[in-house]
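One structure is given here, and the rest of the page talks about it.
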Amino acid sequence: MEAIVRAAQVGKWPARVAAIISNRADAAGLAFASANGIATAVVPSKDYPSRDAFDVALQAEIDRYAPDLVVLAGFMRILTESFVRHYEGRMLNIHPSLLPSFKGLHTHQQALDAGVKLHGATVHFVTAELDHGPIVAQAAVPVEEGDTEDTLAARVLAQEHLIYPQAVRDFIEGRLTISQGRVSRA
């Protein structure tokens with residue numbers, strides 16, 4: 001999230017970050033957002049009896065800001081199909097693997113355990129299927145001899161900070177088109 005905000009500031013994007021919303025009041029991104037003059041909100045997931053009820057409240061909070069794009073950054077909750085459908089074609093996520101490989105959690109360890117030679121990150125449009133959706137961008141890093149989950153994660157994160165802001169900017173500038181489940185750039 002911070003990489004996207006900084007890229008928008010430095011690059012003078014023709015858009016603004018309307019708000020940073022979290023389900024956790026202790027999320028570090030909220031302090032960063034406040035320090036950068038960005039509106040913040042917290043919708044505590046633990047305050048709702050079900051995933052559906054939480055998603056309804058989260059959607060209402062997001063919609064208060066009327067965003068053209070919803071960007072998931074460090075948001076580690078599975079979203080309901082109705083929530084995803086509401087933002088279809090205008091919600092991006094980044095996943096720390098070269099999708100479709102290594103969905104879910106602990107992707108770096110999954111890559112190490114599988115013995116792959118390349119690992120990386122994927123920016124994709126969100127669909128109702130977990131860690132799935134039309135791919136906008138990917139970046140690969142080599143898996144090096146002696147890598148640990150932490151060393152591999154650090155190299156992947158450096159690439160995430162490059163490809164996610166660029167993908168967001170491409171969306172803002174109207175360069176992304178989804179057709180038959182694939183993303184093309186104009």
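Residue check, Glu88 against (1) modelled with pLDDT of 95 or more; (2) out of contact with any strand residue (DSSP E or B) (no Cβ under 9 Å at 6 or more places or on another chain); (3) closer than 30 Å to Val141 by Cα; (4) not β-branched (Val, Ile, Thr), all met but one. Which one?
With (1) modelled with pLDDT of 95 or more; (2) out of contact with any strand residue (DSSP E or B) (no Cβ under 9 Å at 6 or more places or on another chain); (3) closer than 30 Å to Val141 by Cα; (4) not β-branched (Val, Ile, Thr) applied to Glu88, the lone miss is (2).
Considering every residue within the stretch 75-86, establish whether at least one is closer than 22 Å to Gln9 by Cβ, touching a residue at least 24 places away in the same chain (Cβ under 8 Å), surrounded by fewer than 18 Cβ atoms within 10 Å (Cβ to Cβ) and not small (Gly, Ala, Ser). It would help to see each step written out before you state the result.
At the first step, the residues of the stretch 75-86 found to be closer than 22 Å to Gln9 by Cβ are 75.
Filter once more, so that each one left must be touching a residue at least 24 places away in the same chain (Cβ under 8 Å): 75.
Now narrow it down to the ones that are surrounded by fewer than 18 Cβ atoms within 10 Å (Cβ to Cβ): 75.
Okay, now just the ones that are also not small (Gly, Ala, Ser), so 75.
Within the stretch 75-86, one or more residues are closer than 22 Å to Gln9 by Cβ, touching a residue at least 24 places away in the same chain (Cβ under 8 Å), surrounded by fewer than 18 Cβ atoms within 10 Å (Cβ to Cβ) and not small (Gly, Ala, Ser).
Might you let me know whether the stretch 78-86 holds any residue that is within 29 Å of Ile178 (Cβ to Cβ), assigned to a loop (DSSP other than H, G, I, E, B) and out of contact with any Asp or Glu (no Cβ under 9 Å at 6 or more places or on another chain)? Write out each step before concluding.
Applying the first criterion (within 29 Å of Ile178 (Cβ to Cβ)) to the stretch 78-86 yields 78-86.
Going one step further and asking which of them are assigned to a loop (DSSP other than H, G, I, E, B), we end up with 78-80.
Still in the running and out of contact with any Asp or Glu (no Cβ under 9 Å at 6 or more places or on another chain): 78.
Yes.
Between a first residue in the stretch 36-53 that is touching a residue at least 12 places away in the same chain (Cβ under 8 Å) and a second residue that is among the β-branched types (Val, Ile, Thr) and in a loop (DSSP other than H, G, I, E, B), which pairs have beta carbons less than 9 Å apart while being 6 or more apart in sequence or on different chains?
Once the first residue is touching a residue at least 12 places away in the same chain (Cβ under 8 Å) and sits in the stretch 36-53, its partners that are among the β-branched types (Val, Ile, Thr) and in a loop (DSSP other than H, G, I, E, B) give Asn36/Val17; Ile38/Val17; Ala39/Val17; Arg51/Ile78; Arg51/Thr80; Asp52/Thr80.
Kindly indicate the residue of the stretch 120-150 that is under 16 Å from Thr107 (Cβ atoms) and acidic (Asp, Glu) and also surrounded by the most Cβ atoms within 10 Å (Cβ to Cβ) among those meeting that condition.
Selected residue: Asp131.
List the number of the failed condition for Asn93; all other conditions in (1) crowded, with 17+ Cβ neighbours inside 10 Å; (2) in a loop (DSSP other than H, G, I, E, B) hold.
(2)
Identify all residues within the stretch 109-135 that are without any contact (Cβ under 8 Å) to a residue 40 or more places away in the chain, among the β-branched types (Val, Ile, Thr) and part of a strand (DSSP E or B); write none if there are none.
Selection gives Thr122 alone.
Could you please let me know if Arg85 is under 26 Å from Arg169 (Cβ atoms) and within 14 Å of the chain's Cα centre (by Cα)?
In short, no.
How many residues, within the stretch 163-186, are surrounded by fewer than 15 Cβ atoms within 10 Å (Cβ to Cβ) and either among the hydrophobic types (A, V, I, L, M, F, W, C) or within 25 Å of Gln109 (Cα to Cα) (or both)?
So the count comes out to 2.
Which residues, counting only those in the stretch 1-51, are surrounded by fewer than 12 Cβ atoms within 10 Å (Cβ to Cβ), under 25 Å from Phe171 (Cβ atoms) and at pLDDT 95 or above?
Scanning the stretch 1-51 gives a single hit, Gly37.
Evaluate the following for Ile62: is it crowded, with 18+ Cβ neighbours inside 10 Å and either farther than 17 Å from Leu92 by Cα or touching a helix residue (DSSP H, G or I) at 6+ places or on another chain (Cβ under 8 Å) (or both)?
Numbers: crowded, with 18+ Cβ neighbours inside 10 Å: yes; either farther than 17 Å from Leu92 by Cα or touching a helix residue (DSSP H, G or I) at 6+ places or on another chain (Cβ under 8 Å) (or both): no.
The answer is no for Ile62.
If Gln110 satisfies all but one of (1) farther than 21 Å from Phe75 by Cβ; (2) buried (at least 16 other Cβ atoms within 10 Å of the Cβ), what's the number of the condition it fails?
Here Gln110 meets the rest and fails (1).
Tell me whether the stretch 12-23 contains one or more residues that are in a helix (DSSP H, G or I) and not aromatic (Phe, Trp, Tyr). Write out each step before concluding.
First pass over the stretch 12-23, keeping only residues in a helix (DSSP H, G or I): none.
No, because not a single residue in the stretch 12-23 is in a helix (DSSP H, G or I) and not aromatic (Phe, Trp, Tyr).
The values are calculated or read from the model by the stated rules, or taken from the named source; none is laboratory data. Please read all numbers here as calculations on a predicted model, not as lab measurements. Ideal geometry is used to build each Cβ from the backbone, glycine not excepted, and the neighbour counts take in all protein chains shown.
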